[in-house]
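The next block holds one structure in the form of structure tokens; read it before the comments.
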Amino acid sequence: MSSIRNNSTSSTSSSRRASVMNTLKEHHRASNAAFQALYGVPVQQPTTTRNNSAASAHSNASTESLDSQKKSKRSSWASVKSAVQANRKAANAAYLTYYGVGTNPVRSP
């Protein structure tokens with residue numbers, strides 16, 4: 001009877017593990033998609049170690065792509081900065097609308 005119990009417990013734990021793994025994978029995909037949407041650059045997966053000749057050939061070939069990535073990052077950063085400035089202006093306008101100009105609480109001496 002204990003073998004039946006162990007089998008049902010192991011199948012429950014394996015299905016629970018599979019459910020957790022699927023949830024984690026979906027979260028990972030969503031995080032990568034959010035990163036790409038924010039920065040406009042796909043997430044690069046970590047690579048394994050390479051030999052020096054392959055690494056140097058890769059670095060020479062990708063110099064042009066690095067320049068384009070830097071430009072893309074600059075433009076992304078500029079758009080983030082402009083969005084923050086717009087948010088700050090809107091928050092200041094809302095504050096002034098709600099509290100009025102120059103209203104301070106009265107302080108008693």
In nanometres, the difference between 0.36 nm per residue of separation and the alpha-carbon distance of Val20 and Leu38 is 3.8 nm
Cross-link reach from Lys81 to lysines, straight Cα distance under 28 Å and at least 8 residues apart if same chain, gives Lys70, Lys71, Lys73, Lys89
Taking R0 as 22 Å and r as the Cβ-Cβ distance between Lys89 and Ser68, the FRET efficiency 1/(1 + (r/R0)^6), rounded to the nearest 0.05, comes to 0.10
Neighbours of Leu24 by Cβ distance under 14 Å: Lys/Arg at +1, Asp/Glu at -1, summed charge +3
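Here, each number is a calculation from the coordinates, and none is a lab measurement. In this text the structure is predicted, and so the values were computed from the model without any measurement. Neighbour counts are summed over all protein chains in view; Cβ atoms, including those assigned to glycine, are modelled from backbone coordinates with ideal geometry.
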